[in-house]
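K.L.:
Supplied in structure tokens, the structure appears directly below.
The values are calculated or read from the model by the stated rules, or taken from the named source; none is laboratory data. Quick caveat, the model's predicted, so the values are computed rather than measured. Neighbour counts run over all protein chains shown; Cβ positions are idealised from the backbone, glycine included.
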């Protein structure tokens, strides 16, 4: 039992054991705590620690044990009940009705949710609650329904031959065949009804403009810019490339000259004297001076007509005169295409 002492005695003891006047060691005794533990301390230290000091020279076995927490009914959602303290009930997830209550005071648990038929797409069925059925991915028909109320699932799609471009075949449904990139022949067809794939294209000679040749398929030859001669042809069947255009002197107005083809000369703005001509012939060139008197004038008209109609007679009547003077349009030829340029030259156009 806790030894009760008068407030005067305890107060006097505490006064003597505090302050700067303390000259000797204060007496110690049992310091009892609310959690049931105990330490041997001075009265001052016990009060500072929040305990109850029993007095000098007391022992811990004189501390009274703390009273147990009150207990009562702890009701659980599943309808069970235990007699527990409030803190124990809360930790266990129950509802504490109060000290000294009994389990028969717990309210009855709610009834379980009703079950019914839960129908699945594969034709199976289970008796489940609505929530359980939804979580399982089924269709809940309602409370107290039975599995024989589920509708029969639709029959699986018909299968048949699915033919592929590489010559293989599988027995699939139409949808699966389309997804796989095949051709569905129809329900209940077989793979021996698939047509054999076409043979691969045969290569042949592919001739290029530069005179080279390769053995390629028609598609590869077209992609490469060549001419495909046909399957199983050989490169010696390619025609020889046309010879390069003839070149000759191309005279420019600044007095320079280059050896070019007629087309290249015209594109460069020069006058082409003709195939196999040389640049030293540019010195004799004077457009429109068909009689070679050193000037293009109206005196050249009749001579120009003679050059067009009777080249041999013109050469006989104008020995040493350069024929290219009549090539007024500079295309390397003397013909009717030079008439309008000749007229424009004389008129100063």
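K.L.:
Does any residue of the range 299-310 turn out to be touching a strand residue (DSSP E or B) at 6+ places or on another chain (Cβ under 6 Å) and either surrounded by fewer than 21 Cβ atoms within 10 Å (Cβ to Cβ) or farther than 23 Å from residue 339 by Cβ (or both)?
P.N.:
Scanning the range 299-310, I find no residue that is touching a strand residue (DSSP E or B) at 6+ places or on another chain (Cβ under 6 Å) and either surrounded by fewer than 21 Cβ atoms within 10 Å (Cβ to Cβ) or farther than 23 Å from residue 339 by Cβ (or both), so the answer is no.
K.L.:
May I pose another question? For the range 113-135, which positions are more than 22 Å from residue 155 (Cα to Cα), touching a residue at least 12 places away in the same chain (Cβ under 8 Å) and loosely packed, with under 15 Cβ neighbours inside 10 Å?
P.N.:
The answer is 113, 114, 127, 131.
K.L.:
Ok, one more. I'd like the full set of residues that are over 60 Å from the mean Cα position of the chain (by Cα) and either farther than 24 Å from residue 245 by Cα or surrounded by fewer than 16 Cβ atoms within 10 Å (Cβ to Cβ) (or both), limited to the range 265-283.
P.N.:
275, 276, 278, 279, 280, 283
K.L.:
Hand me the list of strands (runs of 3 or more DSSP E) wholly inside the range 151-258 holding 2 or more residues that are within 34 Å of the chain's Cα centre (by Cα), buried (at least 16 other Cβ atoms within 10 Å of the Cβ) and modelled with pLDDT of 90 or more.
P.N.:
Strands (runs of 3 or more DSSP E) meeting the threshold: 159-163, 169-173.
K.L.:
Right, something else. Confirm whether residue 324 is surrounded by 14 or more Cβ atoms within 10 Å (Cβ to Cβ), within 60 Å of the chain's Cα centre (by Cα) and at negative phi.
P.N.:
For residue 324, the condition - surrounded by 14 or more Cβ atoms within 10 Å (Cβ to Cβ), within 60 Å of the chain's Cα centre (by Cα) and at negative phi - is not met.
K.L.:
Further, regarding this structure: Check off (1) touching a residue at least 60 places away in the same chain (Cβ under 8 Å); (2) touching a helix residue (DSSP H, G or I) at 6+ places or on another chain (Cβ under 6 Å) for residue 248 and give me the number that stays unchecked.
P.N.:
(2)
K.L.:
Quick one: residue 164 ticks every box in (1) more than 30 Å from residue 125 (Cβ to Cβ); (2) in contact with a helix residue (DSSP H, G or I) (Cβ under 7 Å, 6 or more places away or on another chain) except a single one, so which number is it?
P.N.:
Going through the list (1) more than 30 Å from residue 125 (Cβ to Cβ); (2) in contact with a helix residue (DSSP H, G or I) (Cβ under 7 Å, 6 or more places away or on another chain), residue 164 breaks only (2).
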